[in-house]
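Have a look at the structure below, then the notes.
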Amino acid sequence: MTETMRAVVQRGYGSPDRVLELTEIERPEPGAGEVLVRLHATSVNTPDWVLVTGTPAVLRLGAGLRRPAAPVRGSDIAGTVAAVGPGVTDLAVGTEVFGSVWQNRAGAGAGTFAEYTVAPADQLLRKPAELPSAEAAAAVMSGITALTAVRDAAGAGPGTRLLINGASGGVGTFAVQIAARLGARVTAVCSARNAEFVRALGAERVIDYAVEDYTRGTERYDAILDNVLNHPPAASAGVLTPTGVLIPNSVGRGSALLAGLPRMARAATMRWTGTRVRTVTCVPDRANLSAVAALLGTGEVTAVVERSYPLAEAARAVAHMLGHRARGNIVITP
């Protein structure tokens, strides 16, 4: 008899409460090199609300014109191995793991807004026993993206002047902590209500975006991690040092058709005029998962979870992210 599971299925594009439905679907089976995981927690990331709303609409050309080809959202994993596919020898049933199903393609792969999911074994790592499942799930996409941006793209180290725009969100909270741990001098851009919060995470200076435009200031930065893209890339590049690097990391806002994609494109073309621009790709391999786990293990970096929602309230969790006011990460517990 076919096993079933509860999952949140996307029926079209639009507001989360209209297009997301909790229902019973067939439970997936692991193939070669794959693992079936019973989920304890997952989290909501930018690709999730982008695909739920279908904005920017141009991305539907790759994901599906009327609805995403893959109907279940979510990519981050914290759970227990329920079954292993052929060729998997280093993970066993009953092992607690964390990791991802993320494939860097719009709408691709299995989702995690469900009781079970199937993931490539090489994108899973044994979860440290002391790491709560909610924090483990929150640390995957946000943590790896922040680590890649700060450590690799920015090359942060002692004395590096790093500005983080959107410092109080999922990626931002990790980036502030990681940069401060590496010895960087962090300037955080966020709302006034989050100023003390990001200072406690390690920011040396905080800019209230409602009061001050950092692109018009006199301070110069060795790197800017822009998680918002609310300024033209050229304006942000104008406050970089001669060898500074711009790291655009947002779909931004704009027209329903393209949103912030034109700004991403402009940022990319600035390489031709001498500006150092580096993009960030989330690669959830075991090396990056191990690095994030090590950071969390020191206690100097924590996964900030603002709120957890039960699976039945996944639409509310996505709507929370859509408000663009989340402090840290939003978690779903199947």
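The values are calculated or read from the model by the stated rules, or taken from the named source; none is laboratory data. Just so it is clear, the model here is predicted, and its values are computed rather than measured. Methodologically, a virtual Cβ is constructed for each residue, glycine included, from the backbone with ideal geometry; neighbour enumeration extends over all protein chains shown. Calculation scope for accessible area: heavy atoms of the full protein, side chains included, ligands and nucleic acids excluded. Shrake-Rupley method; radii C 1.70, N 1.55, O 1.52, S 1.80 Å.
Tabulated data
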item: Under 11 Å, Cβ to Cβ, from Ala153 - net charge with Lys/Arg +1 and Asp/Glu -1; result: +2
item: Helical mean residue ellipticity (222 nm; -39500 (n - 2.57) per DSSP H run of 4+; nearest 500) of the chain; result: -6500 deg cm²/dmol
item: Whole-Hz couplings from phi, Karplus 6.51/-1.76/1.60, listed for segment 279-287; x for Gly and Pro; result: 9, 10, 10, 7, 10, x, 8, 5, 5
item: Separation between Cα centres of segment 36-79 and segment 149-179, rounded to whole Å; result: 26 Å
item: Solvent-accessible area, 1.4 Å probe, carbon plus sulfur percent, for the chain; result: 52 percent
item: Phi to ³J(HN,Hα) by Karplus 6.51 cos²θ - 1.76 cosθ + 1.60 over segment 232-248, Hz, x for Gly, Pro; result: x, x, 5, 5, 5, 4, x, 10, 8, 5, x, 10, x, 10, 9, 10, x
item: Longest site-free stretch - the chain; sites: GluC sites (Glu not before Pro), DSSP loop, at most 12 other Cβ within 10 Å; result: 4-129
item: DSSP-defined antiparallel bridges as percent of all bridges, segment 34-193, nearest 5; result: 80 percent
item: Paramagnetic label zone (point 7 Å from Cα along Cα-to-C-beta, Arg6; backbone N under 20 Å) in segment 296-318; result: 307-318
item: Positive-end extreme of charge dipole, the chain - chosen from Val186, Pro232, Gln10 (charges on Cβ); result: Pro232
item: The chain - charge dipole about Cα centre, Lys and Arg +1 at Cβ, Asp and Glu -1, debye rounded to 20; result: 1020 debye
item: Rounded to 5, percent antiparallel among DSSP beta bridges of segment 230-334; result: 10 percent
item: Three-way shape label, segment 242-334, alpha-carbon gyration tensor, a/c 1.5; result: oblate
item: Point-to-point label distance, Asp213-Glu196, nm (Cα→Cβ direction, 7 Å offset); result: 3.1 nm
item: Lys, Arg +1 and Asp, Glu -1 on Cβ, resulting dipole of segment 231-334 about Cα centre, debye, nearest 20; result: 360 debye
item: DSSP bridge orientation in the chain - percent antiparallel, rounded to nearest 5; result: 55 percent
item: Per-residue ³J(HN,Hα) for segment 270-277, Karplus 6.51 cos²θ - 1.76 cosθ + 1.60, θ = phi - 60°, Hz, x for Gly and Pro; result: 5, 4, 6, 9, x, 6, 7, 10
item: Amide proton proximity set for Ser43, modelled H, under 5 Å, gap of 5+; result: Ser75, Asp76, Ile332
